[in-house]
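The values are calculated or read from the model by the stated rules, or taken from the named source; none is laboratory data. Here the structure is a predicted model, which means the values were calculated and not measured. Cβ sites come from the backbone with ideal geometry, for glycine too, and all protein chains shown count toward neighbours. To get the accessible areas, we keep the full protein, side chains included, count just its heavy atoms, and leave off ligands, DNA and RNA. Shrake-Rupley method; radii C 1.70, N 1.55, O 1.52, S 1.80 Å.
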Amino acid sequence: MSTAVKTQAGQISADARPASGAWAAEARTDAASRLAAMGLPTRRDEYWKWTRPDSLISAAPATAEVFDNQGEPLVFHEIDRLKLVFVDGVFDADASDDLEGEGLEIERLSTASEKDIHWAKDLYGVLETAGQTPVQSPLAVYNSAMATDGVVVRVTGKPTRPVSLIYRHEDSASDVILHHVIKVEEGATLTLLENGAAAARFNQVTEVDVAKGAEFHHVRAQGRDHDRQAITHIFARVDAEATFKSFTMTVNGKLTRNECVIDIIGDDAVAHIAGAALGDGAENEFHHDDTVFITHDAVACESRQVFKKVLKNGAKGVFQGKILVKPDAQKTDGYQKSQSLLLDDDASFQAKPELEIYADDVICSHGSTTGAIDEEALFYLRSRGVPTPIATDLLVLAFLADAIEEIEDEDIAAEVTGRLDAWLTRRRG
Amino acid sequence: MAGVDELIAKEGVEEETVEAVKSLAGAYKYGWETEIEMEYAPKGVNPDIVRLISEKNDEPEWMTEWRLEAFARWEKLEEPSWALLNYPEIDFQDQYYYARPKSMEEKPKSLDEVDPKLLATYEKLGIPLKEQMILAGVEGAEDMPAEGRKVAVDAVFDSVSVGTTFQAELKKAGVIFCSISEAIKEHPELVKKYLGSVVPVSDNYYATLNSAVFSDGSFVYIPPNTRCPMELSTYFRINAENTGQFERTLIIADKGSYVSYLEGCTAPQRDTAQLHAAVVEIIIEEDAEVKYSTVQNWFPGDEEGKGGIYNFVTKRADCRGDRSKVMWTQVETGSAVTWKYPSCILRGAESQGEFYSIAITNNYQQADTGTKMVHLGRDTKSRIVSKGISAGKAQNTYRGLVSMHPKAKNSRNYTQCDSLLIGDKCGAHTVPYIEVKNNSSRVEHEATTSKVDEEQMFYCRQRGMDEEEAVALIVNGFAKEVLQALPMEFAMEAQQLVAISLEGSVG
Amino acid sequence: MLKINNLHVKLEEEDKRILKGVDLEVPAGKVHAIMGPNGSGKSTLSYVLSGRDGYEVTEGDATLDGEELLDMEPEERAAAGLFLAFQYPVEIPGVGNMTFLRTAVNAQRKARGEEEMSAADFLKFVRAKAKDLKIDADMLKRPVNVGFSGGEKKRNEILQMAMLEPKMCILDETDSGLDVDAMKLVSEGVNALRDEGRSFLVITHYQRLLDHIKPDVVHIMAAGRIVKSGGPELALEVENNGYADILAEIDA
Ligand SMILES: Nc1ncnc2c1ncn2[C@@H]1O[C@H](COP(=O)(O)OP(=O)(O)O)[C@@H](O)[C@H]1O
Ligand SMILES: [Mg+2]
């Protein structure tokens, strides 16, 4: 499917695009023409200088061996949740729970897009379009033009269980595009879980509208398949007094770029985005890129970016983050933290933590540190009898803690910590 | 109470702030013009103009060729647009590239022969071209002999160097301090070896243009194991209208030497913008140390944003030798547009680079400034302290790069980058690039943006200060770490500038 | 000297009323003390008098020697002779204590049309005053209040008061956090300034301070109002029995 990217970018013809009802057809046509004007990313683009877009847009098919987790239960298995399963990008109704829940309306994107009138019309491709400033995301536009599957979720109440999207990867040559639209209505609350690799190459867009006073909590664990590649995009619009929180855990993966564009449009809103990535380049390449743009366009809002990376054996980390404070966004409180722990000399980290501020009554800051493990702390632990590998892992987990703390639900946070701990333990042998 | 006397001495620098604030009334102090007969090259730039400049300077053939090659490259380059700067397109053909006072046609043999009008100009700027002690006006500054301190001055007026003081005395110490045009003739071997070796001819658009058309500037060579007996300084004055100033500075600190170099700049107040594109190259050999301080006070344009200097500057120090050291300190208060990133190439093992900067923008000024610390050698260290202050409708950007190459083992960087906003119509931005390619190095970067603290303002006002005075005091405190890095007499001037630059920014 | 008339104050940003009709008069040369439970509005009163942002006067007025205080900018009030020793003195990094003092002294002199003090005179002046308060050279050199201990901050406030020679001094819990010796120093500093042209409004919780600085009148403030006034014996009563009795008596 996305083999078409390279060959057809700029000229995605109407018949290459999926058939659909009026609103969806219009949105897809619009995306196709926007992409034609924008073109695909190149290494000369300011925000692609540290991550090569080539393999994400290449016409050559991507392959990734399916990860054998040796019967180990998947992450979140202990959490009571409403499961929606995609196998290589196709919704699997049999493996999924019923598409209903208290205060929830769930539909497949393919079903929704056949209808002539649908609430998703006001969001599909719309938040993505708005998110093209300050920086363009052509691969998200491509997604809007081409996506056939995904879910559209409208939340009107406070469902007791999280909605959980499970992306199974079974075909080693799958190339998948998924597009989700989520609308959390005024005062409603949703927790969204995601896990799995989805495909050898995965392009995802999630558009999230968090209405006044609503809450959206998102925790994601990206698949462990070593060769997989992923470009994911979140476009969020956060209204007054609403809360948006998103956390991503990444272990393994040849190439991952997680983009997140958040527009805060209502006063007193809160938006937090966090990530913990563990990469070991010994088993395979590991390149992880977090690219985040937060725009404050309202008064007295709070934003946080907390990204932690632990890298070794040639693993590469990239962080690009911007806080943009518009002229009238007074009383903004913005903080950005990007830290990397380089466990050996071959690992590398590149960062560009930007502040662009046009209002004066603000407190905005960022901190970025890069370096090896704290020798003093290590020595202290060893002097208490903890062997070096265990001491190192302890310090690694402690280093990641700031990011994990951004997960509000304790059970889910414990699950994430457990997985990270297991990853470290396995490598200790 | 012993100690109190000492205390005043040590505190001397900032002690004077308040007086400074009060003693200086008007805004831009240096906006007047010297009426003097000038000789211009025809407007515009082309190979003929490049040859003409070379000819005016009596240059050898190799230098002319070097320039022409640079010009050929420049024609192929495009003006960069990545900085957060917004200014009308510059018509590079609508400028004079060479302007020299008629009286300088015959190069004066000594300072006594210099046109009195030119001498008067520098006198009025507070830089008398006399070989006298400069009294720093700071009570009991410890490191200063009772009779004052000597500072040698090279004075550049539009396109030419007017004269250089203390040359004889410096010569005795083996130090060469002269205009670059003189050095090309007198010390071709040094110039040939080092010119363009730190900032290559085609480094960037403005540096390439400078390589083709630079008309004068300063040259410094400090021989091995020599501590330069006095501070060296160059004072740049743009006087002529529609004229670009393109100066070139080359500083070579040979093994084990030390020099502190100061640079000042001013220009008359005019309605049309003027271009300034300089290149500074510094070569620092083993165990040598260079301190380079700038107080940049080009005309910033008026309150409506009319006029002012467009300042595009490439400054780079190459710490070639082991344990070499460079310290850039800059106080950027002038210019309508500033595009400037004094950088350090830390090549030698255990070499060190420091960058201290205060950038103040008010009214419609725009600054995009910062530094690059490129760590190539092992055990290298760098430190960046940047204080940006934005007021009025100004935009102020810190842009920097810290790069740890794979071989730069055990290296360190610390960056502190603070921005202060005064008023809700201005902007403050931070664009740092961090690249770390080994794990024995440590990079720490911190940045904050906020407005002047209200509690501090109220505290000052409760003690009787008006708003403007309180802001000047707090801003000077905010910028203190950088002010302290300046040589004493510059620190005082800088403090006054901080206050003046912010005039009219509150209330 | 200071006359406060039915002063009502609320927070600017929210609908919270803090002062609900304060009446107070401190004649020239007198020392008045204000005591009262935490949160009763004592600091608010001192802030409003000195012109801090964030408060809105909804009713009433305040004059200093007949001049309407509430219309003036903070620095004008300072120049008119009003001084506030802050309960929580503000830290100003990078600004030397000495520079701060000198800027303040000269600003006030200028505002009053007096000559600025020369560097030498200023130095002599500061030295003498600092010595009395046992403030050493190091403290003068350091940035304003940065890294000062609680006691040092309070002594620094008194030093500023001594330098600025105001006519109306408000001391907001200047005794809090002081050890016995520091308390003595501070009160000596205050007593040295006592003069028939100068008045004091001393906000405190403790009799201890009032042993040193003998008040002429003691006021009890509660819930944004002066609920009781009396002689020095009132402070003793508070010291011995707390506020409960007095408040109960008023409620009754
Ligand atoms: N800026 C403010 N914001 C919110 N509440 C305030 C503010 N200033 C004062 N208050 C409240 O007003 C009341 C009086 O405070 P204050 O004057 O500090 O009391 P006191 O000094 O008598 O202990 C308290 O309840 C306090 O919390
Ligand atoms: Mg209080």
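Going by average Cβ density within 10 Å per residue, which order do the peptides B:189-196, A:350-357 take, highest to lowest? Please list the in-between numbers first.
On the way: B:189-196: 16.8, A:350-357: 24.5.
Order by mean packing, descending: A:350-357, B:189-196.
For the stretch B:40-64 and the stretch A:415-429, write down the distance between their C-alpha centroids in whole Å.
69 Å
Any idea of B:M63's accessible area? Nearest 10 Å², probe 1.4 Å.
Answer for B:M63: close to 0 Å² accessible.
Peptide C:132-143: average number of partner chain Cβ atoms within 10 Å per residue? Working shown, then result.
Working: counts 0, 0, 0, 1, 4, 10, 2, 1, 6, 7, 1, 3.
Across the residues of C:132-143, the mean count of other-chain Cβ atoms within 10 Å is 3.
Enumerate the residues in the stretch A:326-345 having an amide nitrogen under 13 Å from the point lying 7 Å beyond the Cα of A:R427 toward its Cβ.
Flagged as within label range: A:341-345.
How about B:K340: which lysines have a C-alpha closer than 17 Å to its C-alpha, ignoring those fewer than 8 places off in the same chain?
B:K315, B:K372, B:K387
Under a plain spin-label model, where a point goes 7 Å from the Cα along Cα-to-Cβ, how far apart in nm are A:L394 and A:R43?
4.4 nm
Among bridges DSSP assigns within the stretch A:22-373, what percent are antiparallel (round to 5)? Display every interim value, and only then the final one.
Numbers: 9 of 139 bridges.
The antiparallel fraction comes to roughly 5 percent.
Hey, could you get me the Stokes-Einstein D for the stretch A:22-373, Kirkwood radius over alpha-carbon pairs, 25 °C and 0.890 mPa s, rounded to whole µm² s⁻¹?
On the way: Rh = 20.3 Å.
Answer, rounded: 121 µm²/s.
What does the average come to when, for each residue of peptide B:419-426, you count the partner chain Cβ atoms lying within 10 Å of its Cβ? All intermediate terms of the calculation are to be shown ahead of the outcome.
Details: counts 4, 1, 6, 1, 1, 8, 4, 5.
For this peptide, the per-residue mean of nearby foreign Cβ atoms is 4.
If you count, for each residue, the other Cβ atoms within 10 Å and average over each peptide, how do B:235-244, A:381-390, A:165-174 line up from highest to lowest? Each step should come with its number before you reach the end.
Details: B:235-244: 21.5, A:381-390: 11.9, A:165-174: 19.6.
In descending order of packing, they fall as B:235-244, A:165-174, A:381-390.
Calculate the mean, over all residues of peptide A:367-375, of how many other protein chain Cβ atoms lie within 10 angstrom of the residue's Cβ.
Numbers: counts 5, 10, 8, 12, 11, 5, 1, 1, 0.
For peptide A:367-375, the averaged partner shielding equals 6.
In chain B, if the dipole is taken from +1 on Lys/Arg beta carbons and -1 on Asp/Glu beta carbons about the Cα centre, which of B:A470, B:Q416, B:T338 is farthest to the positive end?
Result: B:Q416, furthest along the dipole toward the positive end.
When a/c is below 1.5 the answer is rounded, else prolate if a/b is larger than b/c, else oblate, so apply that to the stretch B:54-114 with a ≥ b ≥ c taken from the square roots of the Cα gyration tensor eigenvalues. Mind dumping the intermediate values first?
Details: a/c = 3.13, a/b = 1.68, b/c = 1.87.
Verdict is oblate for the stretch B:54-114.
Percent antiparallel among DSSP beta bridges with both residues in the protein assembly as shown, to the nearest 5?
Working: 60 of 337 bridges.
Here the antiparallel bridges make up roughly 20 percent for the protein assembly as shown.
How do A:412-424, A:53-65, B:407-419 rank on mean C-beta neighbours within 10 Å, highest first? Please report the intermediate quantities before stating the final value.
Numbers: A:412-424: 18.2, A:53-65: 16.5, B:407-419: 20.7.
Highest mean packing first, the order is B:407-419, A:412-424, A:53-65.
Which whole-percent values make up P(r) of the stretch A:148-226 when all C-alpha to C-alpha distances are grouped in 10 Å steps starting at zero?
With 10 Å bins starting at 0, P(r) equals 18, 46, 26, 9, 0.
Using Cα centres only, tell me the gap between the stretch B:433-507 and the stretch A:113-157 in whole Å.
If we compute the Cα centre of each part, the gap is 46 Å.
Quick check on my link table: of B:K76/B:K102; B:K124/B:K325; B:K43/B:K117, which ones sit more than 32 Å apart, alpha carbon to alpha carbon?
Details: B:K76/B:K102 34 Å; B:K124/B:K325 35 Å; B:K43/B:K117 25 Å.
B:K76/B:K102; B:K124/B:K325, as the Cα separations exceed 32 Å there.
To the nearest µm²/s, what D does Stokes-Einstein give for the protein assembly as shown at 4 °C and 1.567 mPa s, using the Kirkwood radius over alpha carbon pairs as Rh?
Values: Rh = 33.7 Å.
The Stokes-Einstein estimate is 38 µm²/s.
In nm, to one decimal, how far is the C:K3 label point from the C:A244 one, both placed 7 Å along Cα→Cβ?
4.1 nm
For a Förster distance of 25 Å, can you work out the FRET efficiency between the beta-carbons of A:K331 and C:L70, rounded to the nearest 0.05?
Values: r = 27 Å, r/R0 = 1.07.
Given R0 = 25 Å and the Cβ-Cβ separation, E is 0.40.
If you take the charge dipole of chain C about its Cα centre, with +1 on Lys and Arg Cβ and -1 on Asp and Glu Cβ, which of C:V31, C:L69, C:A120 is farthest toward its positive end?
About the Cα centre, the residue reaching furthest to the positive side is C:A120.
Give me the accessible area buried between chains C and B, both sides summed, with a 1.4 Å probe, in Å² rounded to the nearest 100.
Separately minus together, C and B give about 3500 Å² buried.
Excluding same-chain residues fewer than 8 positions from C:K141, which lysines have a Cα within less than 18 Å of its Cα?
Candidates past the 8-residue exclusion: B:K10, B:K480, C:K124, C:K129, C:K131, C:K153, C:K154.
What aspartates and glutamates sit close enough to B:K130 to cross-link, taking a C-alpha to C-alpha distance under 15 Å and skipping anything fewer than 8 places away on the same chain?
Partners found: B:D112, B:E113, B:D115, B:D154, B:E169, B:E231.
Past the 33 angstrom mark, what percentage of all C-alpha to C-alpha distances in chain C do you count? Spell out each step's value before the answer.
Numbers: 5575 of 31626 pairs.
Result for the distance tail: 18 percent.
Would you please classify the overall shape of chain B from the alpha carbon gyration tensor, given that a ≥ b ≥ c denote the square roots of the eigenvalues, rounded means a/c under 1.5, and beyond that prolate means a/b larger than b/c while oblate covers the rest?
Details: a/c = 1.29, a/b = 1.19, b/c = 1.08.
Cα axes put chain B in the rounded bin.
Over the Cα atoms of the stretch A:283-429, how large are the radius of gyration and the largest Cα-Cα distance (Dmax), in Å?
Expressed in Å, the Cα Rg and Dmax of the stretch A:283-429 come to 17.7, 56.
Starting from the 7 Å offset along Cα-to-Cβ, what nm value, one decimal, do you get for the label separation of A:V386 and B:Y87?
Computed distance between label sites A:V386 and B:Y87 equals 5.5 nm.
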